[in-house]
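What follows is calculated from the coordinates using simple rules that are stated; it is not laboratory data. Keep in mind the model is a prediction, meaning the values are calculated, not measured. A quick note on method: Cβ atoms are made from the backbone with ideal geometry, for glycine too, and the neighbour counts reach across all protein chains shown.
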């Protein structure tokens, strides 16, 4: 008996949506992600963002606006939001990130759980067959439902009849 299995006809789950599957007005919410102290430490270390707001608890306690609570860099909140999207609708269908406008709306702290509310603003074909532009409004919400970050990315996304080249 062989341990090999032919999976040629089994569908692959977890792949992203094509541009045709995301019409303007389409909305969805991602799963949540709690941001930990370790996440902040690792992110600050790997990026070199050694601002005292993210590295010095004495400074936070004595000088910050947030009574010693450990702040999360906005860049980390954005990065985690993008990760939540990759897990849900972009995997295998994204071709290029073309830019975004981004606004930090409020603080995020260690221990906060964020999720993303996404609404498609624009979805249209490009001049090349099998490709489309998709622009969304992405709002990052914390566990209290407060918006902490918002951005409007534009992406180049595969279509149903995409062919490389």
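Once Rh is set to the Kirkwood radius over Cα pairs, what Stokes-Einstein translational diffusion coefficient, in µm²/s, holds for segment 16-72 at a temperature of 25 °C and a viscosity of 0.890 mPa s? List each step's numbers first, then the result.
Numbers: Rh = 14.3 Å.
The Stokes-Einstein estimate is 172 µm²/s.
According to the Kirkwood expression over distinct Cα-Cα pairs, how big is the hydrodynamic radius of the chain, in Å? Walk me through the intermediate numbers first.
Numbers: mean 1/r = 0.0562 Å⁻¹.
Taking every pair of different Cα atoms in the chain, averaging 1/r and inverting gives 17.8 Å.
In deg cm²/dmol, rounded to 500, what helix-only [θ] at 222 nm does the chain give when every DSSP H run of at least 4 residues adds -39500 (n - 2.57) and the total is split over its residues?
Value at 222 nm, helices only, nearest 500: -5500 deg cm²/dmol.
How would you rank 66, 80, 54, 133, going from fewest to most other Cβ atoms within 10 Å of each one's own Cβ?
The order, fewest Cβ neighbours first, is 66, 133, 54, 80.
Relative contact order of segment 29-156, please, whole-number percent, based on alpha carbon pairs below 8 angstrom and at least 6 residues apart.
Once divided by the residue count of segment 29-156, the mean separation gives 28 percent.
Between 0 and 90 degrees, rounded to the nearest ten: what's the tilt of helix 74-85 against the longest Cα principal axis of the chain?
That works out to roughly 30 degrees.
Would you work out if segment 62-146 is rounded, prolate or oblate? Take a ≥ b ≥ c from the square roots of the eigenvalues of the alpha-carbon gyration tensor; rounded if a/c is under 1.5, else prolate when a/b is larger than b/c, oblate otherwise. Kindly include the intermediate steps, with their values, before the conclusion.
Working: a/c = 2.87, a/b = 2.65, b/c = 1.09.
Prolate.
For helix 37-47, what angle does its Cα long axis make with the longest principal axis of the chain, in degrees from 0 to 90 and rounded to 10?
The answer is roughly 80 degrees.
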